[in-house]
1. List every residue whose amide H lies under 5 Å from the amide H of Cys133, counting only residues 5 or more places away in sequence or on a different chain, with H placed 1.01 Å from N in the peptide plane.
2. Roughly what percent of Cα-Cα pairs across the chain reach past 20 Å?
3. What is the distance, in nm, between label points placed 7 Å from the Cα along the Cα-to-Cβ direction at Gln82 and at Phe2?
4. For the cross-link pairs Lys69/Lys91; Lys17/Lys69; Lys69/Lys143, which exceed 23 Å when the distance is taken from alpha carbon to alpha carbon?
5. Using θ = phi - 60° and the Karplus relation 6.51 cos²θ - 1.76 cosθ + 1.60, list the HN-Hα couplings for the stretch 116-127 in order, rounded to whole Hz, with x at every Gly or Pro.
6. Can you give me the long-range amide H partners of Val7? Hydrogens built in the peptide plane at 1.01 Å from N, cutoff under 5 Å, separation of 5 or more residues or another chain.
7. Using the membrane-span-like helix rule (whole DSSP H runs, Cα extent along the own axis of at least 18 Å, mean Kyte-Doolittle hydropathy at least -1.0), which helices of the chain qualify?
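Quick note: the coordinates plus some simple rules give every number you see, no bench work behind them. If you're wondering where the values come from, they're calculated on a predicted model, not measured in any experiment. In this analysis, Cβ positions are derived from the backbone assuming ideal geometry, glycine residues included, and neighbour counts consider all displayed protein chains.
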Amino acid sequence: MFVSIKVNGQLYQSEVKEQQLLVDFLREDARLTGTKSGCDTGQCGACTILLDGVSVKSCMILAPQANGKAVTTIEGLSTSDQRHPLQVAFKENHALQCGFCTPGMVLLLVDQLQRHPRPSEAEIRQWLDGVLCRCTGYQNIVKAVQAAAWQIETAKVSAHSSERKKEILK
């Protein structure tokens, strides 16, 4: 079966088997290894990506199901000169351990923060329920999410204020 999938803004067109998992397409066909294949059962969350902006476990989706859709992997979350606020917060709050689960965790959290910009600690912990990390107790990850949420909200307020100022000065 032939698929056409936009991955991180780049169009990938490839012949795939009907049973090929999206995680395998990303790792093998697109050569993007940030998406990890952990359990192949949808339990660990290491394979989480954004599919049309929504976090999904790519080991639970067949590549043909992503035909015509847009995928964002960890490689497409930031540019070479600017990291996503959540990536910055993970570094600054020491939320990184071995890194195996981190790409999927970050993409899940990016999606959740877009939908729920002011999460409580309990909400953040609930979001993380679908991501297994063997290295941490999640405390610094929760701190990082809280810091990123504040940073994102502050940037939105600042951008809104700048636009309003331009309107007034016209």
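1. Hits under the 5 Å cutoff: none.
2. Working: 7698 of 14365 pairs.
Pairs farther apart than 20 Å: 54 percent.
3. About 3.7 nm separates the two model spin labels.
4. Details: Lys69/Lys91 31 Å; Lys17/Lys69 17 Å; Lys69/Lys143 33 Å.
Exceeds cut-off: Lys69/Lys91; Lys69/Lys143.
5. So the Karplus estimates, Gly and Pro as x, are 9, x, 10, x, 7, 4, 5, 5, 4, 4, 5, 4 Hz.
6. Tyr12, Val71
7. Working: long enough: 102-115 (20 Å, 0.56); 139-169 (45 Å, -0.36).
The answer, listed by residue number, is 102-115, 139-169.
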